[in-house]
Amino acid sequence: MSDDHDRQRREDLVAAYKILVNEGILDSFGHISVRSAKNPNVFIIPRAMPPALVTEDDLLELNVSDSQPIDPRGRRVNGERYIHGEIYKVRGDVQAIIHSHSPSVIPLGLTPVRMKPVVAQAGFLPPETPVFEIRDAREPGGRGMQVTDSKRGAALARVLANHPAALMRGHGDVVVGSSVKQATVYSAYVNINARMQMQALALSPDIVVMNEAELFTPDEFDFNRPWEHFKQKTLDAAARAKIDRSQFGLDHTQDKR
């Protein structure tokens, strides 16, 4: 892969931060990473900072093997980088990882009620999304809810297994994808799915969830469409006015409605 591929991944990474902040999924914390296209043993993640302020200049390269920075440039490294390194280590198919504290998903990790796919766009989810319990991974005498070492990161990766998402009890979720775009769209629909499931449960404990025949594989879902939709929402009116609709197959001359 060329430098251009990594450059595009970096641009998408910054755009993903803007999207998920705008959608209310990333708060003052949370983080997104992408695997390097040039070297799959390296991942790219911003230094420790507020998600809303991330730029390309804030991005650092870390080794997958130990989640340590190649050159920190005197910058504080994200303390939960082990979430990313340990998942990349065992999931060669994963190219991007998102950890958020989405308020919508947290309740479903606190009770016996598990998150299940209930809306069509969340058909990438398994019949029941697994939940990571930090108490099962925390060392004797250890404290805190964060994934701040390789042991905790590896335990989370085992719970995630081959799924696209796992909830983290009291701590949000982790979502993975084959690209930054896919992971971002998945993260948005995990949030929507959780919200819709809880709204339905407020009406009745007896809800209809999607069955196996209604779930879909990644190649059956065009994530580029919601990616562009979410991305446009982050632009101001002037920037949106400059968008060439033809790049999305939307020719003004053929729009009769």
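The values are calculated or read from the model by the stated rules, or taken from the named source; none is laboratory data. This is a predicted model, so every value here is computed, not measured. When we count neighbours, we look across all protein chains shown, and the Cβ atoms used for this are built from the backbone with ideal geometry, even at glycine.
For region 116-125, does any single residue satisfy the condition of being outside any loop (DSSP other than H, G, I, E, B) and under 14 Å from the mean Cα position of the chain (by Cα)?
Yes - at least one qualifying residue is present in region 116-125.
Suppose the filter is under 24 Å from V21 (Cα atoms), among the hydroxyl-bearing types (S, T, Y) and either in contact with a helix residue (DSSP H, G or I) (Cβ under 6 Å, 6 or more places away or on another chain) or buried (at least 24 other Cβ atoms within 10 Å of the Cβ) (or both); does S104 pass it? Before the answer, list the steps.
On the way: under 24 Å from V21 (Cα atoms): yes; among the hydroxyl-bearing types (S, T, Y): yes; either in contact with a helix residue (DSSP H, G or I) (Cβ under 6 Å, 6 or more places away or on another chain) or buried (at least 24 other Cβ atoms within 10 Å of the Cβ) (or both): yes.
It is true that S104 is under 24 Å from V21 (Cα atoms), among the hydroxyl-bearing types (S, T, Y) and either in contact with a helix residue (DSSP H, G or I) (Cβ under 6 Å, 6 or more places away or on another chain) or buried (at least 24 other Cβ atoms within 10 Å of the Cβ) (or both).
Working carefully through the options S28, S67, find the one that is more than 20 Å from A166 (Cβ to Cβ), in a loop (DSSP other than H, G, I, E, B) and either hydroxyl-bearing (S, T, Y) or modelled with pLDDT of 95 or more (or both).
Values: S67 fails: more than 20 Å from A166 (Cβ to Cβ).
Answer to the check: S28.
Out of S67, S33, which single residue is of a type outside the set (A, V, I, L, M), buried (at least 19 other Cβ atoms within 10 Å of the Cβ) and over 14 Å from R7 (Cα atoms)?
On the way: S33 fails: over 14 Å from R7 (Cα atoms).
Answer to the check: S67.
Within the group A166, A188, which residue is touching a residue at least 40 places away in the same chain (Cβ under 8 Å) and among the small types (G, A, S)?
Values: A166 fails: touching a residue at least 40 places away in the same chain (Cβ under 8 Å).
The match here is A188.
Quick one: A157 ticks every box in (1) aliphatic (A, V, I, L, M); (2) modelled with pLDDT of 95 or more; (3) part of a helix (DSSP H, G or I); (4) surrounded by fewer than 18 Cβ atoms within 10 Å (Cβ to Cβ) bar one, so which box is it?
With respect to (1) aliphatic (A, V, I, L, M); (2) modelled with pLDDT of 95 or more; (3) part of a helix (DSSP H, G or I); (4) surrounded by fewer than 18 Cβ atoms within 10 Å (Cβ to Cβ), A157 is out only on (4).
Does region 206-219 hold any residues that are in a helix (DSSP H, G or I) and either free of Cβ contacts under 8 Å to residues at least 12 places away in the same chain or over 18 Å from P126 (Cα atoms) (or both), and which are they?
Hits for region 206-219 are A213, D219.
Which ones in region 78-101 are without any contact (Cβ under 8 Å) to a residue 60 or more places away in the chain and touching a Leu at 6+ places or on another chain (Cβ under 7 Å)?
R81, the sole residue that qualifies.
Consider G92 against the criteria (1) crowded, with 19+ Cβ neighbours inside 10 Å; (2) of a type outside the set (D, E, K, R); (3) not in a strand (DSSP E or B): it satisfies all of them except one. Which criterion is unmet?
(1)
Starting from region 38-61, keep only residues that are closer than 15 Å to I97 by Cα and surrounded by 16 or more Cβ atoms within 10 Å (Cβ to Cβ), then list their pairs with residues that are modelled with pLDDT of 95 or more and of a type in the set (F, W, Y) whose Cβ atoms are within a distance under 6 Å, requiring at least 6 positions of separation or different chains.
F43/Y88; P51/Y17
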